[in-house]
1. Would a scan of region B:167-187 turn up a residue that is under 19 Å from A:Pro187 (Cα atoms) and assigned to a loop (DSSP other than H, G, I, E, B)?
2. Would you check if B:Val219 is part of a strand (DSSP E or B), among the aliphatic types (A, V, I, L, M), crowded, with 20+ Cβ neighbours inside 10 Å and in contact (Cβ under 8 Å) with a residue 60 or more places away in the chain?
3. Considering only residues of region A:213-236 that are at pLDDT 55 or above, in contact with a Leu (Cβ under 8 Å, 6 or more places away or on another chain) and within 7 Å of another protein chain (Cβ to nearest Cβ), which is surrounded by the fewest Cβ atoms within 10 Å (Cβ to Cβ)?
4. Without any contact (Cβ under 8 Å) to a residue 40 or more places away in the chain, more than 30 Å from A:Val211 (Cβ to Cβ) and out of contact with any strand residue (DSSP E or B) (no Cβ under 6 Å at 6 or more places or on another chain): is that true of B:Gln189 in this structure?
5. Pairs under 7 Å by beta carbon, first residue at negative phi and aliphatic (A, V, I, L, M) in region B:84-107, partner exposed (fewer than 15 other Cβ atoms within 10 Å of the Cβ) and not in a strand (DSSP E or B), six or more apart or different chains?
6. In the list B:Leu121, B:Leu169, B:Leu135, which residue meets the criterion of being buried (at least 18 other Cβ atoms within 10 Å of the Cβ), over 24 Å from B:Ala86 (Cα atoms) and at pLDDT below 90?
7. Quickly run through region B:107-147 and pick out the residues that are within 8 Å of chain A (Cβ to nearest Cβ), assigned to a helix (DSSP H, G or I) and more than 23 Å from A:Ser174 (Cα to Cα).
8. Which condition number does A:Leu147 fail, the rest of (1) over 29 Å from B:Leu214 (Cα atoms); (2) not in a helix (DSSP H, G or I) being met?
Amino acid sequence: MDRKCSAPEKMFANFQRFGGDGIIDRLSCAGDLRRDSMNATSGTASAMLRLWLNSIGPPSAPELYGVLSSAITKAVSGHWVVRIRECYHQLGGYFFLPVFSLLLLALFWSLFRCNGGQKVPSKADIPFQALLTVLTPTCSIWPPFYLALVHRARYSKPKSIILPLFKLMDDICSGQIELRDPQTDLPGLLRDHLCVDACFFRLEIEAASRVAVLRWLLLSDLPTLKACSLLLISSS
Amino acid sequence: MHDFLSCISIPSTELYSISSHRKTGTYVAGSKLVFQNVEGSQFNISCFAPPLVSTDCEAVLCLDFLRHGHLKTFIRNLQFSLLPCASVTFEFTTLGPSVAYFNTPFILCALPYLPRKHIRLRDHPSSSRRTSNPLMMSLNHFIGLATTGPSPLIIESVQNVSIEYAEILNSVALGLQDNRQRRNSIIDQFGREFWLEHRFLTDWESSLLTAGYLTRWVVTARKRGL
């Protein structure tokens, strides 16, 4: 008997541990088993098959399974390939189920991401983005007036946001909205040059603002002849 | 220099109290601005207080605080009260060349000169309000007035300082926003709405100058010698 070959010996020891005594008693020749198992160091399953064939009565299924699995683990333990193999054997046909489900999930997720990514730069939101570039609400909610402006701008061609002058001024002075960068944006806004993402900004002079300016000029300068003549010229 | 004030119905003591914290500025050669910020307790509502009252003969006379109807009387009195060979500097805003009466830019230009909404009348007396003079006056009109009359002035230089003035206004607006002490003092004194309005209109005026709708002029004149 070759002493150096330890794996079959261990297998035999396990064989004994898992109620192997009873099996050995039932075996016709234990020597054959030893020899056979020593020959087949890698294929323990074939050894067990032979054992089973040579024996008087076949060992019961749990006995066989226990012997097999413990033999595998004891023979080559510690290597990761072996561990995966072991896992594969233990799970049997169910091994691919979690793998397939993970793949399917990844597929669905990527499809969902693609759709979501297409929605963000849709053309309908360009005026809103543009408005956010120039103005910002001081609280988290936009005043409904500006949402209506954006809604109107979505369906205008070219896209333009028309800001009423006095309304804008009142909202800024009451602290509802504020200009993000007045020193950059205001000169363009005054000259009707301000354009953000192909969305134009224009100031609308309401009739009320014209009336207010006219009233102020009249009240402050009515006694002077110069102002009167100027107003007459402008009205004619 | 005090004599010409008599024609304008503003009590000079009031003006003194308002302009105690004014910025006295002089434009030196090369159109570079040198400003000395006079520290005081009172905050001045306008960026430039009316420097009509000053013992300093080098002071800049800002015409934006004058009523347009008073302009002729003011200049005539100034011509009369100046000493021979004394020079005087005027600073004023006029409309840009693209602005016509009651078109859209005119309304935009009128906005910073309209009476403020968010301030009590007591805190904003008429003397510290800017008038509609910038909308009415033109450079030609002013030069015509100054170089005529019984003792006409000689125009020494006319300078367009729109860009420099816009920069000053920008820095004022930034100071209103970032300088915490200044901001708090204004909000305590006049209220948050006033602070927002003042900041917005300062930005607005600076943008009008940048856009070319308003022009800021500095005119230096001298009285003839005997």
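The values are calculated or read from the model by the stated rules, or taken from the named source; none is laboratory data. Just so you know, these numbers come straight off a predicted model, no measurement behind them. Neighbour counts are summed over all protein chains in view; Cβ atoms, including those assigned to glycine, are modelled from backbone coordinates with ideal geometry.
1. Within region B:167-187 (the criterion being under 19 Å from A:Pro187 (Cα atoms) and assigned to a loop (DSSP other than H, G, I, E, B)), the answer is no, since none of the residues qualifies.
2. yes
3. Among them, the one singled out is A:Trp216.
4. Answer is no for this residue.
5. Pairs found: B:Ala86/B:Cys57.
6. Answer to the selection: B:Leu169.
7. Correct list: B:Leu135, B:Met136.
8. (2) is the only condition that A:Leu147 fails.
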